[in-house]
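Please treat every number below as a calculation from the coordinates, not as lab data. A quick note: this is a predicted structure, and the numbers were derived from the prediction, not measured. No Cβ is skipped: glycine too gets one built from the backbone with ideal geometry, and neighbour counts run over all protein chains shown.
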Amino acid sequence: MKGLIIKDLYTVITRKQTYLVFLLVCIFLGYTTDGSFIVGYMVFLSAIISVSTISYDEHENGMMYLMTLPCDRKTYALSQYVFGIIFAAVCWVIGTVLMIVIGLVKGTGVPVTDSLSEAVVFLPLALIVLSLMIPVQLKYGAEKSRIVILVIGGAVAAVGALAVKLEGAEKVLAALESIPDSTFTISVLLFTAVLTAVSVAVSIKVMKNKTF
């Protein structure tokens, strides 16, 4: 697995100029908007970038070559999650530091503890995005996965829009807002853990049934 993670790291490094532009845009947006935006943006972007390494592996039958190495399909699927989590954690640290620095430069800085409490909520976001995208990417490939993800995203947005308009939606939202922060945090972590476990199992099954 170590070799697969290093491979993905090199894949990301080869596009460092593109990601540098993203970082500059991220800093600009973080400076002109709410400072916490920069953390969420970088975490979400890190998940997209890490999943994109699968496309490079599939290019010109690269996946077939990888499977001839001392690497099985289960290990490959697991490595995508491990690399995604590591990369997201690194981007989260960078984003959090930038958020604090930008706050100090703008003169709107907040205590570090408050900054961390705002930033930490974005960590589960990375796992949720990875859990949704990795099995889809492995199953359908780069082109089809974009369509599938757009359809899923559109369906979720449509359901959410309809749910808000339903009778009693305001009471449900009020009840959710009344949930203690600690209970809400634990619920999100449990949901993320279950979603990740299911996603890993699905990705392993997809890889085992995949033909090259």
3J(HN,Hα) from dihedral phi, the range 78-86, Karplus parametrisation 6.51/-1.76/1.60, rounded to Hz, x for glycine, proline: 5, 4, 5, 6, 4, 5, x, 5, 4
Charge tally in the Cβ shell below 12 Å around S199, where Lys, Arg are +1 and Asp, Glu are -1, S199 excluded: +2
Packing rank of 49-58, 199-208, 9-18, where each peptide gets the mean count of other beta carbons within 10 Å, highest leading: 49-58, 199-208, 9-18
Violating pairs (Cα-Cα greater than 18 angstrom) within the set K16/K139; K74/K139; K2/K208; K2/K74: K16/K139; K2/K208
